1. Could you please let me know if Ser50 is crowded, with 18+ Cβ neighbours inside 10 Å, in the same structural domain as Val101 (by the TED database) and either at pLDDT 95 or above or of a type outside the set (A, V, I, L, M) (or both)?
2. Among the residues of the stretch 132-169, how many are within 18 Å of the chain's Cα centre (by Cα) and of a type in the set (Phe, Trp, Tyr)?
3. Given the criterion open to solvent by less than 60 Å² (accessible area, probe 1.4 Å) and in a helix (DSSP H, G or I), identify the matching residue among Leu99, Leu76.
4. Consider Glu56 carefully, then state whether it is charged (D, E, K, R), closer than 20 Å to Arg171 by Cβ and assigned to a helix (DSSP H, G or I).
5. Considering every residue within the stretch 275-293, establish whether at least one is assigned to a helix (DSSP H, G or I), modelled with pLDDT of 95 or more, under 19 Å from Cys86 (Cβ atoms) and aliphatic (A, V, I, L, M).
6. From the list Ala172, Ala191, which residue is more than 19 Å from Gly129 (Cβ to Cβ) and at pLDDT 90 or above?
7. Output the number of the condition that Tyr51 fails; it satisfies all remaining conditions of (1) touching a residue at least 40 places away in the same chain (Cβ under 8 Å); (2) touching a Leu at 6+ places or on another chain (Cβ under 6 Å).
Amino acid sequence: MDVILASGCSGAIELAIDVLVDPGDNILIPKPGFSLYKCHSGSKDIETRSYGLIPEKCWEADLEEMASLIDDRTRLIVVINPSNPCGSVYTKEQLEAILDVAERYQVPVLSDEVYAHVTFGERPFYSMGSLTKNVPVLTVGGIAKRFLVPGWRLGWVVIHDRNQSFGEEIRAGLRRLSQRVLGPCSPLQAALPTILSECKPQFFESSLALMKNISDIFYDNLSCIPELYPVKSYGAMYMLIGIKVEKLYGIENDVEFTQLLMSEQSVFCLPAKCFQYPNFIRVVLTCPEEIAREACVRIAQFCKDHRKSALTNGHVNGGH
């Protein structure tokens, strides 16, 4: 197993893609998924093909669609677990099923595990690198999400290659690519052993307990709103909430929903169009409890104000 340090997990993602994929090749990415993959690939003339995640199954990958997208120029299957923006955590069986597809078509896997330590609820985290037997896997991660400090840009690529499928060429390529620009800052690298060994467990326990509590508040309260359907979150600080736009007056999509919600109720959410998944919104699970409860009250009022059944003379009741 080899470890290559990078400037944050985003830098690690770039290293992993650049070492395995050439212009004109394609990679498979999840939809919805982190937007950096599409942005970086587009700048390198790499095609991205999106396989669907199924909200009714806690964002499981659509394996049939995944397999149908693979051809002789597919160089990577990207898996984001735990998921930004979904907040999902894959079961061991789901990860093994993805590895089966990768093995069948002889395609390596890039497993984005930057939220590996940000999980809560009843689903444990499994690293794909620990599960693979024959498929070469590059896992990427970093410390900023676990310690809740965005400026700590120290990430890594870990090579899991039990059968030496990559060979020395890929390992040497990663080392050379990591030296193109300055890597993570030296003081942070020097502090890393102390950061990892001396941070008290209570810090992580309290952070995860907060996220679990906020996740439950959003899920329980927003499930009661007929125009919305939240998908339960198990990690990664986020939750996606579906919008039944056909039940709302004056709102055509998630972008309009978030714009009006902000202007009328001062609640900011991110439209999932940012993640190529329209008519969902993303909420963050790191706010104080009182803010989360107040946000739920305001979202409920907003949906009531725009409810089609509440129309009177062609206008919305209670609009601001």
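1. Numbers: crowded, with 18+ Cβ neighbours inside 10 Å: yes; in the same structural domain as Val101 (by the TED database): yes; either at pLDDT 95 or above or of a type outside the set (A, V, I, L, M) (or both): yes.
It is true that Ser50 is crowded, with 18+ Cβ neighbours inside 10 Å, in the same structural domain as Val101 (by the TED database) and either at pLDDT 95 or above or of a type outside the set (A, V, I, L, M) (or both).
2. Here the count works out to 2.
3. Values: Leu76 fails: in a helix (DSSP H, G or I).
Result: Leu99 is the single residue among Leu99, Leu76 that is open to solvent by less than 60 Å² (accessible area, probe 1.4 Å) and in a helix (DSSP H, G or I).
4. Values: charged (D, E, K, R): yes; closer than 20 Å to Arg171 by Cβ: no; assigned to a helix (DSSP H, G or I): yes.
No; evaluated as a whole, the condition is false for this residue.
5. Initial filter on the stretch 275-293 (assigned to a helix (DSSP H, G or I)): 275, 289-293.
Next cut, modelled with pLDDT of 95 or more only: 289-293.
This time we only want the ones that are under 19 Å from Cys86 (Cβ atoms), so: 292.
Still in the running and aliphatic (A, V, I, L, M): 292.
There is at least one residue in the stretch 275-293 that is assigned to a helix (DSSP H, G or I), modelled with pLDDT of 95 or more, under 19 Å from Cys86 (Cβ atoms) and aliphatic (A, V, I, L, M).
6. Numbers: Ala191 fails: at pLDDT 90 or above.
Of the residues listed, the single one that is more than 19 Å from Gly129 (Cβ to Cβ) and at pLDDT 90 or above is Ala172.
7. (1)
Results for (1) in the same structural domain as Arg153 (by the TED database); (2) open to solvent by 20 Å² or more (accessible area, probe 1.4 Å), shown as yes or no for each residue.
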{"residue": "Pro193", "(1), (2)": "yes, yes"}
{"residue": "Phe218", "(1), (2)": "no, no"}
{"residue": "Ser223", "(1), (2)": "no, yes"}
{"residue": "Pro230", "(1), (2)": "no, no"}
{"residue": "Ala236", "(1), (2)": "no, no"}
{"residue": "Val245", "(1), (2)": "no, yes"}
{"residue": "Glu252", "(1), (2)": "no, yes"}
{"residue": "Glu264", "(1), (2)": "no, yes"}
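The values are calculated or read from the model by the stated rules, or taken from the named source; none is laboratory data. On a predicted model such as this, the values are computed, not experimentally measured, just so you know. Glycine gets a Cβ as well: all are built from the backbone with ideal geometry, and neighbour counts include every protein chain shown. We work out accessible area using only protein heavy atoms, side chains counted, and drop any ligands, DNA or RNA first. Shrake-Rupley method; radii C 1.70, N 1.55, O 1.52, S 1.80 Å.
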